[in-house]
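J.: Below is a structure I'd like to ask you about.
The values are calculated or read from the model by the stated rules, or taken from the named source; none is laboratory data. Model, not experiment: these values are computed from the prediction. Cβ atoms come from the backbone with ideal geometry, glycine included; neighbour counts cover every protein chain shown. Note: accessible area is taken over every heavy atom of the protein model, side chains too, but ligands, DNA and RNA are not part of it. Shrake-Rupley method; radii C 1.70, N 1.55, O 1.52, S 1.80 Å.
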Amino acid sequence: MTWSPSQYTLFEQQRNRPIFDLLARVPGEPRRIVDLGCGPGNSTELLRHRFPDAEVIGIDSSPEMVEAAWRRLPGVRFEVGDIANWDDGRPYDLIFANASFQWVSGHEVLLPRLMKKLNPGGSLAVQVPDNLEEPSHVLMREVAADPRWAGKLSKQPRDLALRREAGWYLRLLQQQAEQVDVWRTTYYHPLKRGPSDVVEWFKSTGLRPFLQPLDENEQAEFLRRYLAAVTSSYPPAEDGSSLLAFPRLFFVATCR
Ligand SMILES: C[S@@+](CC[C@H](N)C(=O)[O-])C[C@H]1O[C@@H](n2cnc3c(N)ncnc32)[C@H](O)[C@@H]1O
């Protein structure tokens, strides 16, 4: 199951909110920037607006996302690559990663390696969803535990629990950075079409690892059960909308 740029951008406005908040905490005027896990180029586009004179490149492991990013920003260099081993041998002033490191394991190795790629005064700026204990994700795991497909899905949920807590990131990054800023924000998104929008939101992200191993019929049944489950946790208001609470963890580490 490939990444779908069109499904992901259904909620682009809401997904862009943390990008603005992360950008607001980046110090200085970086001249060379990489956007790791650039997706369809939405984060890259905002980086370009904020730093119009900088050289910006985007890296993503999904050819579909890279293609969409290139269509959006034809003047920018985008490459297919894996964050886990990406290294073009050049130093950067800003390494930016919004909503992508939750898909990459080994943060204890990845982050120190990326910090070493920064120029003096450069920053590593990252946002990762912190929603594994939200009803949206607890319910995914509950539906996945059904014996009908539990065997196929047994490895998925825990493998995805790669994220660490705020203090862990702070202590790790303080070993290399002069300044580390860590914070957590919960966004509240009213979703017009209620619980079915909750399903649509996560179909392009958190649900992917659960749907990927299933055949077409199983996928449809999984989504039917997930919709029923989220309907009770995200009940529609009078106007039909549901409120999605979405906590996210941020850190910006800046070198001497
Ligand atoms: C949720 S999207 C984030 C897109 C964009 N940065 C944003 O701010 O909305 C996550 C992106 O990370 C990419 N990704 C996941 N694992 C990756 C990896 N190991 N290396 C590179 N990109 C990866 C996916 O292809 C996807 O486009």
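J.: So, R0 is 22 Å and r is the distance between the beta-carbons of Thr185 and Gln7; what FRET efficiency does that work out to, to 0.05?
T.: Details: r = 24 Å, r/R0 = 1.10.
For R0 = 22 Å, the calculated efficiency reads 0.35.
J.: What percentage of the solvent-accessible surface of the chain, computed with a 1.4 Å probe over protein heavy atoms, is contributed by carbon and sulfur atoms?
T.: Details: 5930 of 11910 Å².
The nonpolar share, carbon plus sulfur, comes to 50 percent.
J.: Is there a quick way to get the dipole size of the range 5-254? I mean about its Cα centre, with the Cβ of Lys and Arg at +1 and of Asp and Glu at -1; what is the value in debye to the nearest 20? The partial results should precede the final answer.
T.: Numbers: 30 positive and 33 negative charges, 58 e Å.
With Lys and Arg at +1 and Asp and Glu at -1, about 280 debye.
J.: From the helices alone, meaning DSSP H stretches of at least four residues, give me the mean residue ellipticity at 222 nm for the chain, per-run term -39500 (n - 2.57), in deg cm²/dmol to the nearest 500. Intermediate results must be reported in sequence, preceding the final value.
T.: Details: 12 runs with 103 residues, N = 256.
Value at 222 nm, helices only, nearest 500: -11000 deg cm²/dmol.
J.: I would also like to ask the following. Quick check: from the Cα gyration tensor, does the range 155-253 come out rounded (a/c under 1.5), prolate or oblate?
T.: Details: a/c = 3.76, a/b = 1.63, b/c = 2.31.
Oblate, because a/c is 1.5 or more while a/b does not exceed b/c.
J.: Further question on the same structure: One quarter of the convex hull surface, Cα atoms only: what value does that give for the range 1-150 in nm²?
T.: Result: a mean projected hull area of 10.0 nm².
J.: Just name one of Ser242, Asn16, Gly89: the one whose Cα is farthest towards the positive end of the charge dipole of the range 5-254 (beta-carbon charges, Lys/Arg +1, Asp/Glu -1).
T.: Result: Gly89, furthest along the dipole toward the positive end.
J.: Test of understanding: what is the full-extension gain from Gln14 to Glu29, defined as 0.36 nm times their sequence separation minus their Cα-Cα distance?
T.: Details: separation 15, 0.36 × 15 = 5.40 nm, distance 2.61 nm.
Taking Gln14 through Glu29 to full extension adds about 2.8 nm, to one decimal.
J.: Looking at the range 33-105, send over the antiparallel percent of its DSSP beta bridges, to the nearest 5. Don't skip to the end; give the middle numbers.
T.: Numbers: 0 of 11 bridges.
Just about 0 percent of them are antiparallel.
J.: Apply 1/(1 + (r/R0)^6) to the Cβ-Cβ distance of Arg90 and Glu238, taking R0 = 41 Å, and write down the FRET efficiency to the nearest 0.05. Don't jump to the answer; show the numbers that get you there.
T.: Details: r = 55 Å, r/R0 = 1.33.
Taking R0 as 41 Å, the efficiency between Arg90 and Glu238 is 0.15.
J.: With a 1.4 Å probe and every protein chain left in place, work out the accessible area per residue of the range 7-125 in Å², rounded to a whole number. Can you show the working numbers first?
T.: Details: 5100 Å² over 119 residues.
With all protein chains present, the range 7-125 gives 43 Å² per residue.
J.: Still on this structure, I have one more. Can you tell me what share of the DSSP beta bridges in the chain is antiparallel? A percent to the nearest 5 is fine.
T.: On the way: 20 of 38 bridges.
If I count the DSSP bridges inside the chain, around 55 percent turn out antiparallel.
J.: As a test of reading the structure, rank Trp168, Trp103 by solvent-accessible area (1.4 Å probe, protein chains only), most first.
T.: Numbers: Trp168 55, Trp103 85 Å².
Largest accessible area first, the residues go Trp103, Trp168.
J.: Can you put Arg15, Arg113 in order of accessible area, largest first, using a 1.4 Å probe? Before the final figure, lay out the partial values.
T.: Details: Arg15 15, Arg113 65 Å².
Listed by decreasing accessible area, they come as Arg113, Arg15.
J.: Ok, one more. Run down the aspartates and glutamates and flag those whose C-alpha is under 20 Å from the C-alpha of Lys117, throwing out any fewer than 8 positions away in its chain.
T.: Output for Lys117: Glu29, Asp35, Glu55, Asp60, Glu79, Asp82, Asp87, Asp88, Asp93, Glu108, Glu178, Asp181.
J.: Where in the range 77-116 does the label zone of Gln175 land, with the point 7 angstrom along Cα→C-beta and an amide N cut-off under 13 Å?
T.: It comes to 107-116, nothing else.
J.: If you average the C-alpha positions of the range 200-221 and of the range 1-45 separately, how far apart do those two centres end up, in angstrom?
T.: Taking the Cα centre of the range 1-45 as reference, the centre of the range 200-221 is 23 Å away.
J.: Accessible area, 1.4 Å probe, largest first: how do Trp70, Trp86 sort?
T.: Details: Trp70 125, Trp86 20 Å².
Final ranking, largest accessible area leading: Trp70, Trp86.
J.: For the chain, what class follows from the C-alpha gyration tensor (a ≥ b ≥ c being the square roots of its eigenvalues): rounded when a/c is under 1.5, otherwise prolate if a/b is larger than b/c, else oblate?
T.: Details: a/c = 1.75, a/b = 1.68, b/c = 1.04.
Prolate is the answer for the chain, as a/c is 1.5 or above and a/b outweighs b/c.
J.: At 0.36 nm per residue, minus the direct Cα-Cα distance, what do Ala245 and Thr231 gain on full extension? Give it in nm, one decimal, please. The partial results should precede the final answer.
T.: Working: separation 14, 0.36 × 14 = 5.04 nm, distance 1.43 nm.
My answer for the length gained is 3.6 nm.
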